[in-house]
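The numbers here are math on the coordinates, done by the rules we state, and not lab data. As the structure is a prediction and not an experimental result, all values here were calculated from the model. In this analysis, Cβ positions are derived from the backbone assuming ideal geometry, glycine residues included, and neighbour counts consider all displayed protein chains.
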Amino acid sequence: MNALYTILLLLASNIFMTLAWYGHLKLQQTGFITNSTPLIFVILLSWGIAFFEYCLQVPANRMGFIGNGGTFNLMQLKVIQEVITLVVFVVFSAIAFHMELKWNHFVACLLLIAAVYFVFGFK
C-alpha cells in the first residue's frame, strides 16, 4: 500500500508543482496577471502554490523510500517522479494551452517507459 500512497502523493504534488511553475503563464493569458504585474507578486504566488507541493512530495519520498520501510530505492523514486512530472505537464499543457501532441512526444514517452523498465528491471 505504501507504493500506491507514494505514487498518489507524488502525482498530487506534481499537479501543484506544475501549477506553481506554469500556472502564472495561463493566468497571464486570462488577464489575471499582466506584464505590468510585479515579478515579486508572481514569485510569491508561485511559492504559495509550491508550498503544497512540498507538503505532499516530502512525505511521499519519506514513505516510499526503502530506507524508511518503503518500496523504492532512491533511483526508482527519482524516475517515478520524473515520469509523473512529464505526464502531468503533458496533460496540463494540452488542457491549459491546447498544445498538440506530435510524434516526437510519443517517442519521448516510449523512452521514458524504457527508463522505468531499466530502473526497475535490473538489480
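What ranking of Lys102, Lys78, Lys26 emerges when the number of other C-beta atoms within 10 Å of each C-beta is taken as an exposure proxy, fewest first?
Arranged by neighbour count, lowest to highest, Lys102, Lys78, Lys26 become Lys102, Lys78, Lys26.
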Three-way shape label, the stretch 2-121, alpha-carbon gyration tensor, a/c 1.5: oblate
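What FRET efficiency comes out for Leu11 versus Met75 if R0 is 25 angstrom and r is the Cβ-Cβ distance? Round to the nearest 0.05.
Computed FRET efficiency for Leu11 and Met75: 0.85.
Could you tell me which of rounded, prolate or oblate describes the stretch 46-112, using a ≥ b ≥ c as the square roots of the eigenvalues of the alpha-carbon gyration tensor, with rounded for a/c under 1.5 and, failing that, prolate when a/b is larger than b/c and oblate otherwise? Don't skip to the end; give the middle numbers.
Details: a/c = 4.43, a/b = 1.47, b/c = 3.02.
Because a/c hits 1.5 or more and a/b fails to exceed b/c, the stretch 46-112 counts as oblate.
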Residue-averaged [θ]222 nm for the chain, counting only DSSP H segments that reach four residues, each worth -39500 (n - 2.57): -28000 deg cm²/dmol
